[in-house]
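In what follows, a structure is listed as structure tokens, so that the remarks can point back to it.
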Amino acid sequence: MRIGRPETARRKKGRDAPGKKRKDILIAWGFLLPNLAGVACFTLIPMIQVLVSSFQRAIGGKWVGLENYVTVFRNAAFETAVSNTARFTLVCIPLLVGISLALAVALQSLGPRGNPMSTGFLLPMAVPVAAVVLVWKVLFHENGLINGALAALGGTGVDWMHSGAAFWMLVISYLWKNLGYTTVLWTAGLTTIPQSVYEAAQVDGASGWQTFLHVTLPNLRGTAYTITVLSLLNSFKVFREAWLVAGDYPHESMYLMQHLYNNWFRNLDYDKISAASVMTSAVVFLLIGFLRRAWDEEE
């Protein structure tokens, strides 16, 4: 009888396994359902509503098909906003990714001495937007500090926020705000590369530049994808600074999609907002999917 007990225990355990599995699944769904309900209420359902509204009149809800999309495409302000937003993204993301990677590599080469500097790079994220705007106005106003310094040196002042320079002020603000966070992400990716790989490259006689190209960069593909996607999404979040500095209608060079949405919302043009937001979301999803596919093919 004693010999048969282990076999009996195994049979009992086998019968209990499906029940335990069902219990684990129920527990998992119990944790997931509140989050799924929140996503459905505050994200999924509003997205469906916006998609439906893009084919309807703002007043009355009459179905008009693609008329809203045609109206948006023929709008001159939409063309300006799309052009400036695309230009801003194409300029900022390569600059942010390249500069932050160079800083992360430099900080890693410093060893423990670079840790305080890494922490200091995160300070811009803690600075309130109102404080950033105040600094902008003090520095770049027509009668601000920079123009005062230029006048003292015998130069002429520049109306920074009402000229083509306004776009580059927005670029500088974006880089200053996101550089520290992106540098920390690169640093986290660099720490996952085994030191033995660098030692092997040194033994093979690889130079510093060759080690960076053939060891560091290939091992940072996953981190690069994450950083690129986050940078793309963050490039759509610079509206607050631009709006607080220059208002609803800033210089044409920094009139972005967010300005357009804000002005249409104020005029109750919900049909135009819905159509434009659907197109913007589609472009963002396509870009993220393209990046994902490119990284998967490289891997």
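The values are calculated or read from the model by the stated rules, or taken from the named source; none is laboratory data. Keep in mind the model is a prediction, meaning the values are calculated, not measured. Please note: Cβ atoms are built from the backbone with ideal geometry, for glycine as well, and neighbour counts cover all protein chains shown.
Tabulated values for the structure
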| quantity | calculated |
| --- | --- |
| Unmet criterion (only one of (1) touching a Gly at 6+ places or on another chain (Cβ under 6 Å); (2) within 22 Å of residue 294 (Cα to Cα)) for residue 253 | (2) |
| Check on residue 99, assigned to a helix (DSSP H, G or I) and either surrounded by 19 or more Cβ atoms within 10 Å (Cβ to Cβ) or under 21 Å from the mean Cα position of the chain (by Cα) (or both) | yes |
| Entirely in segment 144-212, the helices (runs of 4 or more DSSP H) that have 1 or more residues that are under 25 Å from residue 129 (Cβ atoms) and hydroxyl-bearing (Ser, Thr, Tyr) | 165-191 |
| Output for segment 236-261, where each listed residue is in a helix (DSSP H, G or I) and under 15 Å from residue 129 (Cβ atoms) | 239, 240, 241, 242, 243, 244, 245, 246, 258 |
| Breaking point among (1) surrounded by 15 or more Cβ atoms within 10 Å (Cβ to Cβ); (2) closer than 30 Å to residue 246 by Cα, for residue 176 | (1) |
| Candidates 209, 168, 176, filtered to the one that is under 18 Å from the mean Cα position of the chain (by Cα) and among the aromatic types (Phe, Trp, Tyr) | 176 |
| Any hit, segment 194-208, residues being β-branched (Val, Ile, Thr), modelled with pLDDT under 85 and in the same structural domain as residue 85 (by TED's automatic domain parsing) | yes |
| Count of residues meeting criterion [over 13 Å from residue 270 (Cα atoms), among the aliphatic types (A, V, I, L, M) and in contact (Cβ under 8 Å) with a residue 12 or more places away in the chain] in segment 65-90 | 3 |
| Top-ranked residue of segment 145-168 - restricted to ones that are touching a helix residue (DSSP H, G or I) at 6+ places or on another chain (Cβ under 6 Å) and surrounded by 14 or more Cβ atoms within 10 Å (Cβ to Cβ), ranked as modelled with the lowest pLDDT | 157 |
| All positions within segment 282-299 that are touching a residue at least 60 places away in the same chain (Cβ under 8 Å) and either assigned to a helix (DSSP H, G or I) or aliphatic (A, V, I, L, M) (or both) | 291, 292, 295, 298 |
